[in-house]
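Read-outs throughout are calculated quantities, based only on the coordinates presented, and are distinct from any laboratory measurement. Source: prediction; values computed, not measured. Every residue, glycine among them, receives a Cβ derived from its backbone with ideal geometry; neighbour counts consider all protein chains shown.
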Amino acid sequence: MNPRSHESSAWTAYLDAAGPGTPADAAAFAEQMWHPAYPRASAYDAAWVHRNLMGPNVLWLTEALTEVIDLRPGMRVLDLGCGSAISSIFLAREFGVNVWAADLWIEPTQNYRRIDEAGVGDRVFPIVAEAHALPFAHAYFDTLVSIDSYHYYGTDVRYLSYAAQFVRPGGHIGIVVPANAIDTDDLPDEFVDAAPFGADYSTFRSEAWWARHWRRTTGVVVEHAQMLPNGLDLWRRHNRADAAWKGLPVESVGDEPLLSSQHGEHLGFARVTARRTEEPTLNFGPGRFSSRIA
């Protein structure tokens, strides 16, 4: 079976099974889904948001990124690894940008239904794309964003060289990813080896690691690298909302077993941005990296 087909089918079934539905504990659910630091995201229908999540609340994370990246009406934005495209919907509705909602696992038709129902079918364009073979013109986008997905495909030191070529000179790249304030390279091997999630745990790099990683790419200037304030609580708040929705103990849902363990003590989210500099187009073909600028 095609691995992509398997993953697509699994996530499609997951999202379909999520609802309509209603929360088992409506009051607790509403309380956890409202976050004072993210008023734009919290204004969205909480049940709709929760039914379309594929991880920690992506609208909170998207709003956090918009605090440190410039978005203006009419801009072309690539939302890379957009999942169910609700981050793309949020960007289009809140900032008037045009968004290409690119994902490998969620079918464009399924995403388009959500996009159209949200009233932004003329500004959000769903597309299937593999992160290492993007079907776009060089320098086409004003901004590239990636919320809770870049750590799956962007840890290769050469990847930013590839992705940056799709952003115009002067444009921006911004990500929010799960992160560990104490980088796994700085933890004892035996501690990391015992962590849940195996190798995936080691993709939760520190904000300093991401900044150093990106600085190794010429043609971009890192402008911001920070752990989100109260990121661990943000992640656990999502789990509490999920528990209230399902009527289950919070200890049994999502990533809570990891977050409440010694391995989760310093987890949260890193917010990293960079600006594409005024240099010639970074000329690489689909799926191919070059050491010339990395």
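Observations, loosely collected:
- Available extension along the chain between Glu107 and Asn230 is 40.9 nm, counting 0.36 nm per residue and deducting the alpha carbon span.
- Label-point gap, in nm, between Trp34 and Val221 - each point 7 angstrom along Cα→Cβ: 4.2 nm
- In range of the label at Ala137: residues from the stretch 149-181 whose backbone nitrogen is under 15 Å from the point 7 Å along Cα→Cβ: 166-169
- The chain, dipole about Cα centre (Lys/Arg Cβ +1, Asp/Glu Cβ -1), debye to the nearest 20: 980 debye
- Put a dot 7 Å past the Cα of Asp70, heading toward its Cβ, do the same for Ala26, and the two dots end up 4.6 nm apart.
- Gain upon complete extension [Asp122, Trp48; 0.36 nm per residue less C-alpha separation]: 24.6 nm
- The mean sequence distance of close C-alpha pairs (under 8 Å, at least 6 residues apart), as a share of the length of the chain, puts its relative contact order at 21 percent.
- Cα gyration tensor shape of the chain, rounded if a/c is under 1.5, else prolate or oblate by comparing a/b with b/c: oblate
- Separation in nanometres of the label points that stand 7 Å from Cα toward Cβ, at Arg212 and Asp156: 2.2 nm
- Using the average count of surrounding beta-carbon atoms within 10 Å as a protection proxy, the listed peptides 121-127, 216-222, 236-242 rank, highest first, as 236-242, 121-127, 216-222.
- The residue list Gly198, Gly170, Leu234 was ranked by how far each Cα lies along the charge dipole of the stretch 138-267 toward its positive end, using unit charges on Cβ atoms, and Gly170 comes out on top.
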